[in-house]
1. If we keep just the residues of the range 245-268 that are in a loop (DSSP other than H, G, I, E, B) and charged (D, E, K, R), which is surrounded by the most Cβ atoms within 10 Å (Cβ to Cβ)?
2. Looking for something within 16 Å of GLN2 (Cα to Cα), in a loop (DSSP other than H, G, I, E, B) and aromatic (Phe, Trp, Tyr) - is there at least one such residue anywhere in the range 40-50?
3. Of the conditions (1) at pLDDT 95 or above; (2) in contact with a strand residue (DSSP E or B) (Cβ under 6 Å, 6 or more places away or on another chain), TYR67 fails just one. Which one is it?
4. Would the range 171-186 turn up any residue that is more than 29 Å from LEU141 (Cβ to Cβ), of a type in the set (Ser, Thr, Tyr), modelled with pLDDT of 95 or more and surrounded by 14 or more Cβ atoms within 10 Å (Cβ to Cβ)?
5. Please enumerate the residues belonging to the range 170-193 that are within 21 Å of LYS237 (Cβ to Cβ) and touching a strand residue (DSSP E or B) at 6+ places or on another chain (Cβ under 6 Å).
6. For the range 137-196, which positions are of a type in the set (A, V, I, L, M, F, W, C) and farther than 30 Å from TRP82 by Cβ?
7. What tally of residues in the range 75-116 results from selecting those that are in contact with a Phe, Trp or Tyr (Cβ under 7 Å, 6 or more places away or on another chain) and free of Cβ contacts under 8 Å to residues at least 60 places away in the same chain?
8. Could you say whether any residue in the range 233-244 is closer than 21 Å to LEU119 by Cβ, at pLDDT 90 or above and assigned to a loop (DSSP other than H, G, I, E, B)?
Amino acid sequence: MQNSYIHYVPRRVYSFRRKMRLHEEESLPTRTEAVYWFADGHSSVSGFARPEYHITGRKTGPAQRIYPGDLLWIIGQLKTPWGNLTASLDAMLLIDEVIDLPDGRRKFIASEKSLWFPLADVEVELRKLKTVSRGGKISTLIRDHSLHIGHSLQSIRRLHCDEPLRIWSEKVLSSEAYFISYRLLDGTKRAYLAAKELIDDGRVVFWDKWALPRRLSERREYVDDETLHTYLERMIKVCHHFKLISTFSYFEKGCYAQKEFVAALSFGKNIVI
């Protein structure tokens, strides 16, 4: 029998120390030294097409009762220096293998049927969910709506029924998504504001701060240019709309944003400014 579980992962927008340039927005909070307990080794192309694993530090509770064939739904919320986006469905992992690591962490290997999801407000769906304890007691997942979603999902929980998430995930993947194109140099804040406005309006959004593997968006690990370019071009192709964040540096000759713009034109996308 397949069981379904749910977990929360915080997502953050960081900047990394670099020389300031004319017209650049003020530096974001930096994270130059950190211990990423949830991280592990990667190849340069891993994590783009689908999630490959999830790690938890919990040694007790539902995390110890997840087996191959079970589903693990990951909820995330992107936090930025300018505010937070609403909670979104981050990933669905169909568990292929469970590994107990030497340091006590538990690693869930995802099968090829696992999926990433773009940004879209999932909070209404979360209110429909119920969890079940080991003893069979059924409880509402979100008991206090005034508290942050992470409060209810500090640890992995087993779902009584995941149908609301299954229906929601299909809706998100079939929606007309917006690809946000901006310059990191001076457009990150405006990109956040555009994403928030679209999401609050019920739209589905592709923003690299959410959609790229965390090792790029949060830890700035190296990935070869071709891998990144291929992935972003594919996302532009599958999105229906191209949201251009117009800033002073966006139209600089030779910048990567120009490549995105040219790709959007070649794919016949709806350009939104």
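1. Here is the first cut: in the range 245-268, the ones in a loop (DSSP other than H, G, I, E, B) are 245-255, 267-268.
Going one step further and asking which of them are charged (D, E, K, R), we end up with 252-253.
Details: GLU252: 13, LYS253: 5.
This residue is GLU252.
2. Within the range 40-50 (the criterion being within 16 Å of GLN2 (Cα to Cα), in a loop (DSSP other than H, G, I, E, B) and aromatic (Phe, Trp, Tyr)), the answer is no, since none of the residues qualifies.
3. TYR67 satisfies every listed condition except (2).
4. yes
5. VAL172, SER175, ALA177, TYR178, PHE179, ILE180, SER181, ALA191
6. Applying the first criterion (of a type in the set (A, V, I, L, M, F, W, C)) to the range 137-196 yields 138, 141-142, 147, 149, 153, 156, 159, 161, 165, 167-168, 172-173, 177, 179-180, 184-185, 191, 193-195.
Answer for the range 137-196, where residues must be of a type in the set (A, V, I, L, M, F, W, C) and farther than 30 Å from TRP82 by Cβ: ILE138, ILE156, LEU159, CYS161, ILE167.
7. 6
8. At the first step, the residues of the range 233-244 found to be closer than 21 Å to LEU119 by Cβ are 233-244.
After this cut, where a residue has to be at pLDDT 90 or above as well, the list is 233-244.
After this cut, where a residue has to be assigned to a loop (DSSP other than H, G, I, E, B) as well, the list is 239-240.
Among the residues of the range 233-244, at least one is closer than 21 Å to LEU119 by Cβ, at pLDDT 90 or above and assigned to a loop (DSSP other than H, G, I, E, B), which makes the answer yes.
The values are calculated or read from the model by the stated rules, or taken from the named source; none is laboratory data. Note that the structure is a prediction, hence the values are computed from the model and not measured. Note: ideal-geometry Cβ built from the backbone for every residue, glycine included; neighbour counts use all protein chains shown.
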